[in-house]
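Following: one structure in structure tokens, then a few remarks.
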Amino acid sequence: MDNHELKEELIAYSKEIGIDKIGFTTASPFSQLKNRLLRQQELGYQSGFEEPDIDKRVTPEMLLEGAQSIISIALAYPAKMTIRVESKKGERRGIFSRASWGLDYHHILRDRLTKLEEFIINKIPNAKLKSMVDTGELSDRAVAERAGIGWSGKNCSIITPEFGSYVYLGEMITNIPFEPDTPIEDNCGSCTKCLDACPTGALIQGGQINANRCISFLTQTKELIPDEFREKIGNRVYGCDSCQTACPINKGINFHFHEEMEPDPVVAKPLLKPILKLSNREFKKRFGSISGAWRGKKPIQRNAIIALAHFKDESAVPDLIDVLQTEASPVTRGTAAWALGKIGGETAYAALRKAKELETDIEVQSEIEKGLNFYNN
């Protein structure tokens, strides 16, 4: 079958199955990306979630023998909830980032890529294909940029002219030599609003990020959050949208194309105190379908505790004391101790003094001291 004809048929079919944008590029190595990744590694800016082998991240031929081209897809996700829930005193809520609203996007994009694979195999039975979403070796952003999906913004997101940066990305390596599309010109210009809006200064310069300072990364870790970032996290229980909401290109953008991406407002903006008491089974039942649950219950509980401290929610003191006295995880106990000191009050102080006498974990002891130190300032 003629490759040009197949490409046109794929573009038409992609619209039928709910792909909002599709682009094609060669499978040649991403040489410039390799240099950037090596520099990130030297500076210690990597998150640790990436594929450790940089050559695999930039060489499609290592992932699929005979690779000739890569198909990049983008799906637009909502930027605003159609139904909103508000925080009330004593009923404070956290927030999941927009990319975690609705059904886990990995499932959504894999569904679309699987359908594209089936379409291609039906036309060319001996075609070789390899699809990936987010957790694959390739950089979704680098592929999308070269395939003309959008330009790589200073906020380290792909920005599309149609949907801004509110898009999920996935790609498919193939041994079919499709004609490549033309990359889109960078339209960020001299704007630095995303850099200015980053709460922790994680965006070092346009297109470069120190992942270890990024709130989106920090909320996914399983350790104690470093002191300098705790107050910056606010009520975020997963992810961060500050660099996206600050982007002028994203102003007024809000697409609701895909029913499975629609957020349940009480999941996307959950009550904080109930999170502290969830069992693993209850957590999976409530949050298991969203991408923000991938690291499990403990990081979300830790982040919920920090959010309660952010609100200085005195009604949460009994719950936090219970966590401090009964929780097995030192990270969760320690964060609760810090939060009690942050919120303050005689009841919290008495609980911290008691915990100081009983606690045996060194890290938790340190957090108890931090909590008690709030009373001395």
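The values are calculated or read from the model by the stated rules, or taken from the named source; none is laboratory data. Bear in mind the structure is a predicted one, so any value in this text is a computation, not a measurement. All Cβ positions, even for glycine, are placed from backbone atoms using ideal geometry, and neighbour counts span all protein chains on display.
Looking at region 256-275 only, could you name the residues that are part of a loop (DSSP other than H, G, I, E, B), surrounded by fewer than 20 Cβ atoms within 10 Å (Cβ to Cβ) and touching a helix residue (DSSP H, G or I) at 6+ places or on another chain (Cβ under 9 Å)? Walk me through how you get there before you give the answer.
In the first step, residues of region 256-275 are kept if they are part of a loop (DSSP other than H, G, I, E, B); the result is 256-258, 262-264, 269-270.
If we keep only those that are surrounded by fewer than 20 Cβ atoms within 10 Å (Cβ to Cβ) as well, we get 256-258, 262, 264.
Result: 258, single match.
Cβ-Cβ below 9 Å, separation at least six or inter-chain, first residue in region 283-305 and touching a residue at least 40 places away in the same chain (Cβ under 8 Å) and farther than 18 Å from residue 271 by Cβ, second of a type in the set (Gly, Ala, Ser) and part of a helix (DSSP H, G or I): which pairs?
Listed by first residue and then by second, the contacts come to 291/99; 291/100.
Filter region 174-201 down to the residues that are hydroxyl-bearing (Ser, Thr, Tyr) and touching a Gly at 6+ places or on another chain (Cβ under 7 Å) and list them by number.
Of all residues in region 174-201, those hydroxyl-bearing (Ser, Thr, Tyr) come to 174, 182, 190, 192, 200.
Within region 174-201, 182 is the sole residue that qualifies.
Please verify whether region 282-304 includes one or more residues that are surrounded by fewer than 21 Cβ atoms within 10 Å (Cβ to Cβ), more than 20 Å from the chain's Cα centre (by Cα) and either modelled with pLDDT of 95 or more or assigned to a helix (DSSP H, G or I) (or both).
Yes, region 282-304 contains at least one residue that is surrounded by fewer than 21 Cβ atoms within 10 Å (Cβ to Cβ), more than 20 Å from the chain's Cα centre (by Cα) and either modelled with pLDDT of 95 or more or assigned to a helix (DSSP H, G or I) (or both).
Filter region 27-69 down to the residues that are within 23 Å of residue 221 (Cβ to Cβ) and of a type in the set (A, V, I, L, M) and list them by number.
Scanning region 27-69 gives 37, 43, 54.
Give region 82-103 a look and list any residue that's under 14 Å from residue 264 (Cβ atoms) and modelled with pLDDT under 95, or say none.
Across region 82-103, the qualifying residues are 82, 83, 84, 85.
Every residue, every condition in (1) in a helix (DSSP H, G or I); (2) more than 17 Å from residue 306 (Cβ to Cβ); (3) touching a His at 6+ places or on another chain (Cβ under 6 Å); (4) not β-branched (Val, Ile, Thr), yes or no:
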| site | (1), (2), (3), (4) |
| --- | --- |
| 341 | yes, no, no, yes |
| 350 | yes, yes, no, yes |
| 356 | yes, yes, no, yes |
| 360 | no, yes, no, no |
| 363 | yes, no, no, yes |
| 367 | yes, no, no, yes |
| 371 | yes, no, no, yes |
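What pairs come up if the first residue lies in region 331-345 and is farther than 9 Å from residue 317 by Cα, the second is among the acidic types (Asp, Glu) and surrounded by 24 or more Cβ atoms within 10 Å (Cβ to Cβ), and their beta carbons are under 8 Å apart, counting only those six or more places apart or on different chains?
Short answer, once both residue conditions are applied: 333/367; 334/367; 335/367; 337/367; 338/367.
Find all pairs meeting these conditions: Cβ atoms under 8 angstrom apart; at least six residues apart or on different chains; first residue within region 177-196 and among the β-branched types (Val, Ile, Thr); second residue assigned to a loop (DSSP other than H, G, I, E, B).
If the second residue must be assigned to a loop (DSSP other than H, G, I, E, B), the pairs left are 182/148; 184/148; 184/149; 184/150; 184/161; 192/154; 192/206.
Within region 79-111, count every residue that is buried (at least 20 other Cβ atoms within 10 Å of the Cβ) and either closer than 15 Å to residue 286 by Cβ or not aliphatic (A, V, I, L, M) (or both).
Final tally of qualifying residues: 10.
Filtering region 133-148 down to residues that are closer than 27 Å to residue 213 by Cβ and of a type in the set (A, V, I, L, M, F, W, C), which residue is surrounded by the fewest Cβ atoms within 10 Å (Cβ to Cβ)?
Filtering region 133-148 for residues closer than 27 Å to residue 213 by Cβ gives 133-145.
Keeping just the survivors that are of a type in the set (A, V, I, L, M, F, W, C) gives 133, 138, 142-144.
Numbers: 133: 20, 138: 23, 142: 23, 143: 28, 144: 29.
The qualifying residue surrounded by the fewest Cβ atoms within 10 Å (Cβ to Cβ) is 133.
Among the residues of region 90-136, write down those that are part of a loop (DSSP other than H, G, I, E, B) and without any contact (Cβ under 8 Å) to a residue 12 or more places away in the chain.
125, 126
So, restricting to helices (runs of 4 or more DSSP H) that lie completely within region 3-73, which ones have at least 2 residues that are modelled with pLDDT under 80? So that I can check it myself, show each step before the final result.
On the way: elements: 3-16, 31-43, 54-58.
Answer list for region 3-73: 31-43.
Under the condition of being surrounded by 18 or more Cβ atoms within 10 Å (Cβ to Cβ) and among the polar types (S, T, N, Q), which residue from region 324-377 is farthest from residue 231 (Cα to Cα)?
Selected residue: 332.
Being in contact with a strand residue (DSSP E or B) (Cβ under 8 Å, 6 or more places away or on another chain) and acidic (Asp, Glu) is the filter; apply it to region 167-220 and report the residue that is farthest from residue 292 (Cα to Cα).
179
Pairs only if they're at least six apart or on different chains, beta carbon under 8 angstrom, first in region 18-33 and within 9 Å of residue 60 (Cα to Cα) and surrounded by fewer than 16 Cβ atoms within 10 Å (Cβ to Cβ), second at pLDDT 95 or above and among the acidic types (Asp, Glu); list them, first residue then second.
The qualifying pairs are 29/61.
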